[in-house]
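Report on one structure; see the data block that follows.
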Amino acid sequence: MDQVNRVDHFRQISHAQAAYARAIDSGELESWPDFFVEDCVYRITTADNYKAGYEGSLVYCFSRGMLADRVTALRLANIYEGQSYRHILGQPSILAETADEVQSETPFMVARIMRDGTTDLFATGRYLDRYKVDGATPKLAERVVVCDSSRVDTLLALPL
Amino acid sequence: MDQVNRVDHFRQISHAQAAYARAIDSGELESWPDFFVEDCVYRITTADNYKAGYEGSLVYCFSRGMLADRVTALRLANIYEGQSYRHILGQPSILAETADEVQSETPFMVARIMRDGTTDLFATGRYLDRYKVDGATPKLAERVVVCDSSRVDTLLALPL
Amino acid sequence: MDQVNRVDHFRQISHAQAAYARAIDSGELESWPDFFVEDCVYRITTADNYKAGYEGSLVYCFSRGMLADRVTALRLANIYEGQSYRHILGQPSILAETADEVQSETPFMVARIMRDGTTDLFATGRYLDRYKVDGATPKLAERVVVCDSSRVDTLLALPL
């Protein structure tokens, strides 16, 4: 039974990760906050800062409302029109799990495609996630995006 | 039972995708048409054109015979000798399914490796697929390759 | 029963691959040899050399002790401080399997992140693996890393 639950969690988290990436890469930014619980944390930091235990983050949101505000700002700035992302995710590693919560780590590579067609490797890193799994669909209680590079574009636009 | 079938389809499609990428990246082009049903559609387009609903495609084949012809042309032109690809695929999202057909979307990143060893990020995008799953192995009834960039190499050589 | 075992092997290998990449990308080099059996082979070669059947390898280790020595050398040279990798792996293809051994092929893309933040696509290729699966965790009896490019950085530092 424990084994069965573990398997289910793994598959649930995998599907949730794929859906998250697909929403952003398809430009459906308005659905991005729906991947989080109301009382969530979303932040982007670098591997160096994370390792050193610094709290400083490139982006720091601590509620679903803040995520929605961020989407509104992106739409107003027309940033979505200027570029798109393509996320390719590795397989999640389940680090800890209880009946209603799963902690996982998932590596990512993100390519950025500019309006003129230029494509570059924009960011690599890993998601450190805490998922609530007590409902039909897992929701993020916390996502820390740890970028490998110390030089992440300060114009960070679309969500990672 | 429905849940079980859904799980099976997901795994079947995942395996079919991996086999497809492996055939191309190993240079086994002659086996590429075998991933399709006889009466198939294969086309490559851009995200902009796809969104706008344009029918225009960079590559358009509408039978397995046309795919085989394309492989012959590539062999005659010795294009295979000049470069190779490496596909890395994300997890498929199952968009719709019946007992004998599955529609899915799968993100991809393709690196191109030139004869002199130069490696670049060649293309990113997603496969929009319609798979026939009534046989032992799923076969593609339709694959629309939607490239994120509007600037895809017009010398598009190997299949994506 | 055979079908069930096949499924288990696939999942076991997938998890082992993810754990391997995670150890290297997190800088936990000391745990790298633990992914192998004592009497193992680890080598890095190019697609051209592999195809031609050449034995010559860029890196060739034939015991777990040699892998540990390599890690020690990397630590002494402080190479780990200068760069990190990010592996993104495709899904493994199971090529052959018995009750205690599985042969698989897994495609990879590796980005390299330098100390100054520069990120590039460092290597692409595939792992040709022979896994011992008779214990709780699959262990590598053999890993041949076949790089697509003939021009792999001769300063090859971290393990692929």
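Counting only residues that are farther than 19 Å from B:Leu89 by Cα and either away from every other protein chain (no Cβ under 11 Å) or modelled with pLDDT of 95 or more (or both), region B:1-30 holds 5 of them. Restricting region C:88-121 to residues that are in contact with a strand residue (DSSP E or B) (Cβ under 8 Å, 6 or more places away or on another chain) and not in a strand (DSSP E or B), the residue that is farthest from the other protein chains (Cβ to nearest Cβ) is C:Asp100.
Might you check whether a residue that is out of contact with any strand residue (DSSP E or B) (no Cβ under 6 Å at 6 or more places or on another chain) and under 18 Å from A:Tyr85 (Cβ atoms) occurs anywhere in region A:141-151? Yes: region A:141-151 contains one or more residues that are out of contact with any strand residue (DSSP E or B) (no Cβ under 6 Å at 6 or more places or on another chain) and under 18 Å from A:Tyr85 (Cβ atoms).
As for region B:54-65, it holds at least one residue that is of a type in the set (Gly, Ala, Ser), more than 20 Å from B:Glu101 (Cβ to Cβ) and modelled with pLDDT under 90. Residues in region C:35-84 that are assigned to a helix (DSSP H, G or I), surrounded by fewer than 17 Cβ atoms within 10 Å (Cβ to Cβ) and of a type in the set (D, E, K, R): C:Asp48, C:Lys51, C:Asp69, C:Arg75, C:Glu81.
In region C:71-87, the condition of being more than 11 Å from chain B (Cβ to nearest Cβ) and under 27 Å from C:Phe10 (Cα atoms) is met by at least one residue.
Restricting attention to region C:122-151 and to residues that are more than 12 Å from the chain's Cα centre (by Cα) and more than 14 Å from chain B (Cβ to nearest Cβ), the residue that is surrounded by the most Cβ atoms within 10 Å (Cβ to Cβ) turns out to be C:Pro138.
The values are calculated or read from the model by the stated rules, or taken from the named source; none is laboratory data. Small disclaimer: the values here were computed from a predicted structure and weren't measured. FYI the Cβ positions are ideal-geometry reconstructions off the backbone, even for glycines, and counts take in every protein chain you see.
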